[in-house]
């Protein structure tokens, strides 16, 4: 035991010395000499205590060595600063980091990139947050605190506080509340603030700063009232959603978001938890339909839940399980934020029972702008132009299209997206909706024409690279690979917005806008209203409580959705008040513009069909690709499935 | 957490044998109080009772229930007579699965017996027999899903003009041929899938047949040689007839495997392009379409198809026992 203690003492010393060395690393050299003066000052005191006091003493000479007085004697371990008395009670992340190992922590709006030389021992790294509005009186006038956070780093073996890291960690905060003029403060445990501009980088919506420990908390402020897009801070929006009261309590939420999506959702609700004191008990499951159905039937529904499909939502609504949100949400705000298409999708029997929290646009046509420029190809305005362009490209000796339908057990779904895009624009929303609802037959002229229209591309020799076999055996994620070969195998591909990450993965080094770009699925006639097929997640309410009311109000706000929008990952918001500039790249920004401006918005039809119908649709796509001449028998078979699939 | 796990472990390790011994002791104590004639009648039933109960709960009851469900509609709310069976035997896609299972049955059983026998006989004559047999047997150690993924990569297809990533197409194109979409082309895809099954099971057939081969008395074969029989004659007139029952065992096992074929098809094609088999159809109907009626009907058809095979096995076993 004694040996261990001596060892940790030595380690602390080592950490301290390396930390001093770290002040000369490039990230910190821009410091206004403040951090440099720290070292001599610190070495005056005894070593273990020094780790505790270095930073406050260094960065703020006006602080009357508050932490010094509480510093333990040389023989005992350095104690942790008491962040909880400052209000840092929310633990956003609590990660175990192995000694000398690089690690990335994602915690609410924060990302902390830990380099491998930051810690020479295993540490428990906690990220704490506090309600920033509580610090309003401490910040200079004209500024408002928007984010407040602290690190609690403990030696995992000895449980001793580590105040100074071996190398600075890179801290990033993303929030619409951050603007170019945002400031970054050290917050000492006695509540004093000191501005810290060392290595600070701020842009609209994002702030990065290297942190080498310090034993202090941090506060980010923005000029009063200035946020991206004129939004409130998420905390303000959350507090308003709870009618201005910190009501506490808890709310259960069920959704299918796991992994990165779950992290983004948790980031979205973190300000809500701090501002309202309401604890969110989130369950993420990939098996949402089964879990939700079981819980509802067992009389134990979550307060709020994402709907597996709009179809499932209609079933729950018809059973009287869902609460009418129009009495809970501020409908004038909602009508400003969401176009009627989005609200219609969440409306059953003239009751609003679902509101979109997350969406994604389908049906974008991808191309390489360099190829289009070099050949003087024009972006087609109509479907017929696109077919003409395809013929031009084919005549020039390149196959115009790449199509990829393979996707394991769901092979064929990219083809259903093609057909949905065609049906919507060619036959209109009424036929489209009747089609997935099972009232429009597959053999009806509109649907048959859509297949034949698709056939102009996929059933025409020379139009698709590799022909049917390549279409059927190429994984959907590789659809873009042929765009970027030299010479290109094909010049155009069709897929939803998420495909960009596959492009970048398949052909490393290519850049959005310069190397790949998209145009919208072309309409069939000029002056048609902008129509989009989308997929996405709606949130519905099963239990009406003050807490669930507050949360659904908050989730519908642009402030909440902007948080996820900033984090990217193919996320798009249906809320038109989410500033487009917050999306991480230009392509997502443009795609989101299409989404919020669309006058006709329909939901992915195959995802809306009963499972047996959807599965038959997938198989029909494959059969059609293999044998286009058997279209009639394929459609007849789909009709017979339609007759039984909807009855269940 | 660890504590509760430890307690569970102790309960299982100590409790289960204790309960078993306790049951036997209890039964013996009870039986001991009965008249002698009853002891003899009751004892076997009481000893085998728990096993029979488990069998009843986990095998017989679900079987009967499946049989009942197969005459009900999708959500089992009303009886529909033989509609589900009509569907299984008339629906076009369902007929394809029946045809494919027949392919699997004939080709898998046939190929495993032929290759297993061939390898067993050939390797019996070489010094490095254990090594080669080990290599052939190795695929048995891989899970079906892993094997399917491996073969899916081997069957990979790229259009002509692009670097081939699949082993087979790489070879074909290098020799100047056209790449084949093994899993998509309806002329070959069923056989491509069955080949994976053959690759996996040949080792099993070989090991069992090899054991039987080594059981044939050397004197018999030497006597045949002395009488002037050729090696081919020895194989067909002596070895194969003497291994008849073992060959039947391997063949019937393969027939059952063929009827149960699922993993390979599910992973490699999901039953698309006319490669669907009954087990996959059952899975889809049950877990994807929630159609308990048709799923149960497929299960019953599979069961009925397997019963004769099992009867043959049991009869052979009885004949063998009688010979001893």
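Quick one: count up the residues across the range A:469-480 that are surrounded by fewer than 22 Cβ atoms within 10 Å (Cβ to Cβ) and within 13 Å of chain B (Cβ to nearest Cβ). Matching residues across the range A:469-480 total 3. Note on the range B:94-117: residues that are within 30 Å of residue A:639 (Cα to Cα) and loosely packed, with under 15 Cβ neighbours inside 10 Å total 3. Taken over the range B:94-128, residues that are within 14 Å of chain A (Cβ to nearest Cβ) and touching a helix residue (DSSP H, G or I) at 6+ places or on another chain (Cβ under 8 Å) amount to 3. Of all the listed residues (A:543, A:527), the sole one being free of Cβ contacts under 8 Å to residues at least 12 places away in the same chain and part of a loop (DSSP other than H, G, I, E, B) is A:527.
Quick one: would you say residue A:443 is at pLDDT 95 or above and either part of a helix (DSSP H, G or I) or within 14 Å of chain B (Cβ to nearest Cβ) (or both)? It is false that residue A:443 is at pLDDT 95 or above and either part of a helix (DSSP H, G or I) or within 14 Å of chain B (Cβ to nearest Cβ) (or both). Counting only residues that are assigned to a strand (DSSP E or B) and touching a helix residue (DSSP H, G or I) at 6+ places or on another chain (Cβ under 7 Å), the range A:156-186 holds 7 of them. Apart from one condition, residue A:197 fits all of (1) in contact (Cβ under 8 Å) with a residue 40 or more places away in the chain; (2) under 30 Å from residue A:99 (Cβ atoms); the exception is (2). Among all residues of the range B:129-148, there is at least one that is in contact with a helix residue (DSSP H, G or I) (Cβ under 6 Å, 6 or more places away or on another chain), closer than 21 Å to residue B:196 by Cβ, within 13 Å of chain A (Cβ to nearest Cβ) and surrounded by fewer than 20 Cβ atoms within 10 Å (Cβ to Cβ). The residues of the range B:118-128 include none that are free of Cβ contacts under 8 Å to residues at least 24 places away in the same chain, part of a loop (DSSP other than H, G, I, E, B) and surrounded by 12 or more Cβ atoms within 10 Å (Cβ to Cβ).
For the range A:377-421, which positions are within 14 Å of another protein chain (Cβ to nearest Cβ) and free of Cβ contacts under 8 Å to residues at least 40 places away in the same chain? Result: A:397, A:408, A:409. For the subset of the range A:482-495 comprising residues that are surrounded by fewer than 23 Cβ atoms within 10 Å (Cβ to Cβ) and in contact with a helix residue (DSSP H, G or I) (Cβ under 7 Å, 6 or more places away or on another chain), which member is farthest from the other protein chains (Cβ to nearest Cβ)? Ranking the qualifying residues of the range A:482-495, first place goes to A:488.
Only one of the listed residues (B:86, B:133, B:152) is farther than 24 Å from residue B:277 by Cα, over 20 Å from the mean Cα position of the chain (by Cα) and part of a helix (DSSP H, G or I). That residue is B:133. Those helices (runs of 4 or more DSSP H) of the range A:553-648 in which 1 or more residues are at pLDDT below 95, more than 14 Å from every other protein chain (Cβ to nearest Cβ) and surrounded by 22 or more Cβ atoms within 10 Å (Cβ to Cβ) occupy A:558-567, A:586-597, A:605-608. The helices (runs of 4 or more DSSP H) located wholly in the range B:1-79 that include 3 or more residues which are closer than 30 Å to residue B:289 by Cβ, under 36 Å from the mean Cα position of the chain (by Cα) and touching a residue at least 24 places away in the same chain (Cβ under 8 Å) occupy B:61-69. The set of residues from the range A:225-260 being modelled with pLDDT under 85, assigned to a helix (DSSP H, G or I) and under 17 Å from the mean Cα position of the chain (by Cα) comprises A:259, A:260.
The set of residues from the range A:245-276 being more than 28 Å from residue A:501 (Cβ to Cβ), surrounded by fewer than 23 Cβ atoms within 10 Å (Cβ to Cβ) and in contact with a strand residue (DSSP E or B) (Cβ under 7 Å, 6 or more places away or on another chain) comprises A:250, A:252, A:273.
In the range A:356-408, what count of residues is obtained for those that are closer than 30 Å to residue B:149 by Cα and surrounded by fewer than 15 Cβ atoms within 10 Å (Cβ to Cβ)? The number of residues fulfilling the criteria is 1. Among the residues making up the range B:284-324, those that are surrounded by fewer than 16 Cβ atoms within 10 Å (Cβ to Cβ) and either in contact with a strand residue (DSSP E or B) (Cβ under 9 Å, 6 or more places away or on another chain) or within 14 Å of chain A (Cβ to nearest Cβ) (or both) are B:287, B:288, B:290. The set of residues from the range A:227-245 being without any contact (Cβ under 8 Å) to a residue 60 or more places away in the chain and farther than 19 Å from residue A:579 by Cβ comprises A:244, A:245. All of A:522, A:508 fail the test of being away from every other protein chain (no Cβ under 14 Å) and under 25 Å from the mean Cα position of the chain (by Cα), apart from A:508.
Determine whether the range A:453-468 contains at least one residue that is away from chain B (no Cβ under 14 Å), in contact with a strand residue (DSSP E or B) (Cβ under 7 Å, 6 or more places away or on another chain) and either touching a residue at least 12 places away in the same chain (Cβ under 8 Å) or not in a helix (DSSP H, G or I) (or both). Yes, the range A:453-468 has at least one match.
Of note, residue A:221 satisfies the criterion of being part of a strand (DSSP E or B), within 29 Å of the chain's Cα centre (by Cα), in contact (Cβ under 8 Å) with a residue 12 or more places away in the chain and surrounded by 20 or more Cβ atoms within 10 Å (Cβ to Cβ). For the range A:113-144, the set of residues classified as touching a residue at least 60 places away in the same chain (Cβ under 8 Å) and under 24 Å from the mean Cα position of the chain (by Cα) consists of A:128, A:129, A:130, A:131, A:132, listed by residue number. Among the residues of the range B:281-324, those that are in a loop (DSSP other than H, G, I, E, B) and touching a helix residue (DSSP H, G or I) at 6+ places or on another chain (Cβ under 9 Å) comprise B:289, B:290, B:291.
The values are calculated or read from the model by the stated rules, or taken from the named source; none is laboratory data. Given the structure is predicted, the values throughout are model-derived calculations rather than measurements. Note that each Cβ is placed from the backbone with ideal geometry, even for glycine, and that neighbours are counted across all protein chains shown.
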